[in-house]
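Heads up: the structure comes next, in structure tokens.
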Amino acid sequence: MDLNKLFERVSSTIYKNKDFLIATHTFPDGDALGSLVAVYELMRSLKKNAFMICNSEIPYHYKFLPYNDKIKRNLDCIDLSNKRYISICLDSADESRLNLDFKKLRENSKKIINIDHHFSNTNFGDINIVGKEKSATAEIIYKLLIRDFEKFLNHNIALGLYVGILTDTGKFQYFNTSPEVHKIVSHLLEYDIKPYRIFSNIYEREPFNRFKLLQLVLKRVKLMESEKLVYSYVLQKDFSKLNLPPSSHDGMIELIRSTEDAKISAFLRQVGNKKFKVSLRSSDNSINVATVAGAFGGGGHRMASAYTANGALKKIISDLINSIKNKI
């Protein structure tokens, strides 16, 4: 369906309804949280009854965002007894990424709106706006706002959208940093947002023990020359020992990705007993790491994807290497 027609359906749904649930994926990044607070601020401006949901710890890097203290962890924190909501799911390629009782969400929703930019999106909503060519979910929300809600664009919305675009373009360094991205950011800067403050909050507020965590990650880093792969990992006990939240690993894959001796980088983070989240990055546009993630039930983008794997760490690494050999 034409994007303008989809926007029209979403805008009509927003104007005609009062109660909204706005949800994003577990282990949220800047695009997830920035988009979440931007849509929430829009609902506040429209005098809607709205709740934000993210069933995960909010990384300390994003605690400066407005309303982060209003984010609910799950559906049980919201009174669902007397209302049916419009649910807006953001930056989630499929319903499992929300880590919510999706059956319960469906039963309590008049309609589910799915707004995302991941190539692997499963179109799980009643209305699906999936801009696979967009830099971030925040970019899609910006387009919707400019089309139908521009008079409500304010500082908080601009801040959330800027954070989403900043982080999903890798500080405007990734291949998805288009001329359109810079035009959007130029407009957002008119709403008194301060890039230097945002950068400082996200990238310059690290606890000292994070450097000890980084030491461990660098000590474990391995280069597989024949596969042009560099990888490292972090364990749950590392976070516990250093009294750090799991979100303190953010950005470490970008560090190991910077070596010129590899085209693919992988970072494995333990998230449970013999369970790891595997993040993949490509530094070469001709290498599609989404095909590797897809082989293990994950997905994402051509140059940034992820999946979850169960088993012993050595076996997971071995399977990853074999998959790269076979698919890339």
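The values are calculated or read from the model by the stated rules, or taken from the named source; none is laboratory data. What you see is a predicted model, and the numbers here were worked out from it, not measured in a lab. Neighbour counts are summed over all protein chains in view; Cβ atoms, including those assigned to glycine, are modelled from backbone coordinates with ideal geometry. Note: areas computed on protein heavy atoms with side chains; ligands, DNA, RNA excluded. Shrake-Rupley method; radii C 1.70, N 1.55, O 1.52, S 1.80 Å.
Listed peptides 127-135, 299-307 appear in the order 299-307, 127-135 once ranked by packing, highest mean of other Cβ atoms within 10 Å at the front.
Under a model in which nothing but the beta-carbon of Lys, Arg (+1) and Asp, Glu (-1) is charged, segment 228-277 shows a dipole of about 320 debye around its Cα centre.
Note: relative contact order over segment 1-137, using C-alpha pairs below 8 Å and six or more positions apart, is 25 percent. Classify segment 193-324: rounded, prolate or oblate, from the alpha-carbon gyration tensor (a ≥ b ≥ c, eigenvalue square roots; a/c under 1.5 rounded; otherwise prolate if a/b is larger than b/c)? Here segment 193-324 falls in the oblate category. A protection proxy built from the mean count of other Cβ atoms within 10 Å ranks the segments 231-238, 321-328, most packed first, as 231-238, 321-328. Shape class for segment 12-158, computed from the alpha carbon gyration tensor (a ≥ b ≥ c): rounded, with a/c under 1.5. Proximity of backbone amide H atoms, modeled 1.01 Å from N, is registered between Ala50 and Phe20 at under 5 Å, excluding neighbours fewer than 5 places apart on the same chain. Computed extension length for Phe172-Asn322: 50.8 nm, one decimal, from 0.36 nm per residue of separation with the Cα-Cα distance subtracted.
Over segment 66-156, accessible surface divided per residue gives 46 Å², non-protein components excluded, 1.4 Å probe.
Think of a 1.4 Å ball rolled over the protein heavy atoms: segment 283-328 then has 48 Å² of accessible area per residue. Shown in residue order for segment 202-207 are the 3J(HN,Hα) couplings computed by the Karplus curve 6.51 cos²θ - 1.76 cosθ + 1.60 at θ = phi - 60°: 7, 10, 10, 10, 8, x Hz (x for Gly and Pro). Between Asp2 and Leu218, full extension at 0.36 nm per residue minus the direct alpha carbon distance yields a gain of 73.1 nm. Protein-only accessible surface at a 1.4 angstrom probe places the residues Thr24, Thr177 in the order Thr177, Thr24, largest first. Of the options Ser178, Leu65, Gln270, report the single residue whose Cα projects farthest towards the positive end of the charge dipole of the chain (beta-carbon charges: Lys, Arg +1; Asp, Glu -1). With unit charges placed on the Cβ atoms, the residue in question is Gln270. Remark on Ser109: its backbone amide H falls under 5 Å from those of Tyr85, a criterion applied only to residues 5 or more positions apart or on other chains, H modelled at 1.01 Å from N. Here segment 237-258 is scanned for amide nitrogen atoms under 18 Å from the site 7 Å beyond the Cα of Glu206 along Cα-to-Cβ, giving 238-258. Distance from the alpha carbon centroid of segment 1-57 to that of segment 263-328 works out to 30 angstrom. Taking all Cα pairs closer than 8 Å and separated by 6 or more residues, the relative contact order of the chain comes to 13 percent. Report in % the part of the accessible area of the chain that belongs to carbon and sulfur, leaving out ligands and nucleic acids; probe 1.4 Å. So the carbon and sulfur contribution to the accessible surface is 47 percent.
Distance between the pseudo-spin-label points of Ser226 and Ala295 (7 Å out from Cα toward the beta carbon): 1.5 nm. Relative to the Cα centre, the charge distribution of the chain, modelled as +1 at Lys and Arg Cβ and -1 at Asp and Glu Cβ, gives a dipole magnitude of about 780 debye.
Per residue, the average separation of C-alpha pairs within less than 8 Å and at least 6 apart gives segment 77-160 a relative contact order of 24 percent. Estimated from the Cβ-Cβ distance and a Förster radius of 35 angstrom, the FRET efficiency linking Ser186 and Ala312 is about 0.10. Assign one of three labels to the chain, namely rounded, prolate or oblate, based on the Cα gyration tensor with a ≥ b ≥ c the square roots of its eigenvalues; rounded applies when a/c is under 1.5, prolate when it is not and a/b is larger than b/c, and oblate otherwise. Prolate.
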